[in-house]
Amino acid sequence: MYLFRLALASVSNRRFTALLTVFAIALSACLLLAVERVRTEAKTSFASTISGTDLVVGARSGAVNLLLYSVFRIGNATNNIRWDSYTQLKENPRVKWAIPLSLGDSHRGYRVLGTNLSYFEHYHYGRNQPLLIQEGRPFQDLFDVVLGAEVAEALQYNVGDQIVLAHGVSIISLVDHADKPFTVVGILARTGTPVDRTLHISLEGMEALHVDWQNGTPARDKGHISAEQARQLDLTPKGITAVLLGLNSKIATFSLQRTINEYRGEPLMAILPGVALQELWSLMSTAEQALFIVSLFVVLTGLIGMLTALLTSLNERRREMAILRSVGARPGHIFGLLMAEAFALALMGVVAGLGLLYAGIAVAQAPVQAHYGLYLPLTWPSAYEWRLLGGILGAALLIGCLPAWRAYRQSLTDGLSVRL
């Protein structure tokens, strides 16, 4: 213990250099922990995007592609599902509920989702949390729209505002549906999922937008059909993009999945959301590991800075070591003193790094959740994070062996006759 007190006194005597070394270690430790915290929470956020859904059904393509456009609103479907296929799925005795999804339009860069009221009843996220209406109500009229929390906040919309939807998914669209404006009737509570970045309308409303369109452009042979005229038409959809299914029994999941994949009416594919999420995360693991390796090199850089500072100070401290020898310190004590200094610097750096991490989370928590849907909790470090911090301290002790060994050798030969 006396060596540690002596090491702290020595560090305090060289406080400016010590503070720079501690700051470098703190930044590197903070970065390493931040990368690990973001990685863990991003994985949790991915997994909590959809909950309670047993199967996702879409046109036959890839499992990841189907998951991306149906759940994360990224990309587009290769084909649609016929309405009669959806009806058969819904009426299957093994199916408890079915949520139809129809994509294709947007509003100022945000995706528009056509669905029905079962979406607000059965769609869950996180730990089986339901969707909640923060303001207003679900859609009832043909031209009602319910906004996700991020859409309403970013575009500053309120209940009662009228908006115009655009054809396609571009941020800037040259073709819109100005003749059929929608009225905002509800705003969903924030979920931290793609729901926040989505505008929700009825399937009939989606059909009304395109009743006088053909192949992505207004059909000239049909003539213009106004919003009031559209109300008089049969707006049963001809096709939808995907279906979310909840089953009466989890045991029937695989058998129904096989039945859907072998469906002869049209090429369909059913995926398990959890399995597809794991596949999606595995595709991102390379970038994740690369970022982690970069963080490790940053930590190594900080520790090398500590090594440089200790080695540089050795020549200046040879008289100090000689005086310690004269009052009874052994070469082993000198070795222990340098090791204690290295450990003290690393420990202060790790503690400061934890402080920087939590200060950063406290400041960035709300904006990160608002803009990226990523919640960073202010919790104690996990067991893995403690092991990372322990690794930093262990590496500091290992690196500290070099200046400690040099001080040990010098103390054997210098005595009190140090040449300055």
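The values are calculated or read from the model by the stated rules, or taken from the named source; none is laboratory data. Please read all numbers here as calculations on a predicted model, not as lab measurements. With ideal geometry, Cβ positions are generated from the backbone for all residues, glycine too; neighbour counts draw on all protein chains shown.
Tell me, yes or no, whether the stretch 375-385 has at least one residue that is outside any helix (DSSP H, G or I), buried (at least 18 other Cβ atoms within 10 Å of the Cβ) and on the phi > 0 side of the Ramachandran plot.
The answer is no, given that none of the residues of the stretch 375-385 is outside any helix (DSSP H, G or I), buried (at least 18 other Cβ atoms within 10 Å of the Cβ) and on the phi > 0 side of the Ramachandran plot.
Every residue in the stretch 302-316 that is modelled with pLDDT under 65 and either out of contact with any helix residue (DSSP H, G or I) (no Cβ under 8 Å at 6 or more places or on another chain) or not assigned by TED's automatic domain parsing to the domain that holds residue 17 (or both), please.
315, 316
For the stretch 175-213, name all the residues that are closer than 16 Å to residue 231 by Cα and among the aliphatic types (A, V, I, L, M).
Residues satisfying the conditions are 201, 203, 206, 208, 209, 211.
Would you call residue 131 touching a helix residue (DSSP H, G or I) at 6+ places or on another chain (Cβ under 8 Å) and over 18 Å from residue 270 (Cβ atoms)?
yes
Select, from 151, 145, the only residue that is at pLDDT below 95, aliphatic (A, V, I, L, M) and buried (at least 21 other Cβ atoms within 10 Å of the Cβ).
151
For the stretch 235-258, how many residues are in contact (Cβ under 8 Å) with a residue 40 or more places away in the chain and within 23 Å of residue 79 (Cα to Cα)?
14
So residue 365 ticks every box in (1) within 26 Å of the chain's Cα centre (by Cα); (2) at pLDDT 80 or above; (3) assigned to a helix (DSSP H, G or I) but one. Which box is left unticked?
The single condition residue 365 does not satisfy is (2).
Restricting the stretch 41-68 to residues that are part of a loop (DSSP other than H, G, I, E, B) and not aliphatic (A, V, I, L, M), which is farthest from residue 263 (Cα to Cα)?
Here the answer is 48.
Here is a list of conditions, (1) of a type in the set (Phe, Trp, Tyr); (2) modelled with pLDDT of 90 or more; (3) within 29 Å of residue 277 (Cβ to Cβ), and residue 157 meets all of them except one; can you say which number that is?
Unmet for residue 157, out of (1) of a type in the set (Phe, Trp, Tyr); (2) modelled with pLDDT of 90 or more; (3) within 29 Å of residue 277 (Cβ to Cβ): (3).
When you scan the stretch 247-316 for helices (runs of 4 or more DSSP H) that lie fully inside it, which ones turn up with 1 or more residues that are within 27 Å of residue 59 (Cβ to Cβ)?
The helices (runs of 4 or more DSSP H) meeting that bar are 253-261, 273-283.
Quick check on the stretch 121-142: of everything there that is among the polar types (S, T, N, Q) and over 30 Å from residue 234 (Cβ atoms), which residue is modelled with the lowest pLDDT?
Looking at residues that are among the polar types (S, T, N, Q) and over 30 Å from residue 234 (Cβ atoms), I get 128.
Out of 270, 290, report the one residue that is surrounded by fewer than 13 Cβ atoms within 10 Å (Cβ to Cβ) and over 17 Å from residue 394 (Cα atoms).
Exactly one of 270, 290 is surrounded by fewer than 13 Cβ atoms within 10 Å (Cβ to Cβ) and over 17 Å from residue 394 (Cα atoms), namely 290.
Among the candidates 253, 191, 236, 259, which residue alone is more than 30 Å from residue 277 (Cβ to Cβ) and either in contact with a Ser or Thr (Cβ under 6 Å, 6 or more places away or on another chain) or at pLDDT 80 or above (or both)?
236
For the stretch 5-43, give me the residue count where each residue is touching a Gly at 6+ places or on another chain (Cβ under 9 Å) and at pLDDT below 75.
Qualifying residue count, the stretch 5-43: 1.
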